Amino acid sequence: MHTLKRRRPLRRIVLASAATVSGAVLLLSMKPHTAPHIVTAAPAPSGGASVPAGSAGSGGSGPDRSGGSTAAGTRTVTGDSAPTRYGPVQVRITVKNGKLTDVTAVTYPQESPRDQEINGYAVPQLRREALAAQSADIDVVSGATYTSQGYQQSLQSALDSLGG
């Protein structure tokens, strides 16, 4: 038999313990697969601008200056992409006769199953709140703070581009 098994069982215990501790230390020192990104954009204004009353298109159809389209008083505008810790968030809005009629999340974090789970309930809730508020002054969804803040920023930029 091997000498470790035969003569020195205490030595086996010490080596097994050392290997276990080393493995645990290595496991705990592992970093996530992606480094968190630091958000450098300014937060959305807390007041939030509402949809400008005179923001409806001038009639006709074709692209407007903000990359959206116009058709008989309806304008569609895509907001700026807002960087967040877990990925960019970008929304597209539709305004008909001065009223916010649709908000669609074009881009939002979906890389991991956890992102999909969180944003699966957060994005529809943010949409409902934006349509009800008719502005970017909406509540943050609990558990989806970064997505909520990015959503607000992109929504505000879309609304701002309608006013000018």
Report summary line: Pseudo-spin-label distance Arg85 to Val25, built 7 Å along Cα→Cβ, given in nm, is 2.9 nm
Report summary line: Given 110-116, 126-132, 73-79, 147-153, the highest-first ranking by average Cβ count within 10 Å works out to 147-153, 73-79, 126-132, 110-116
Query raised in the report: Measuring from label point to label point, each 7 Å out along Cα→Cβ, what is the Ala133 to Thr101 span in nm?
Result: 2.3 nm
Report summary line: Full extension between Ser112 and Arg12 adds, at 0.36 nm per residue less the Cα distance, a length in nm of 31.8 nm
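Just so you know, all these numbers are worked out from the coordinates, no wet-lab data involved. All of these numbers come straight from a predicted model, not from anything done at the bench. Neighbour counts are summed over all protein chains in view; Cβ atoms, including those assigned to glycine, are modelled from backbone coordinates with ideal geometry.
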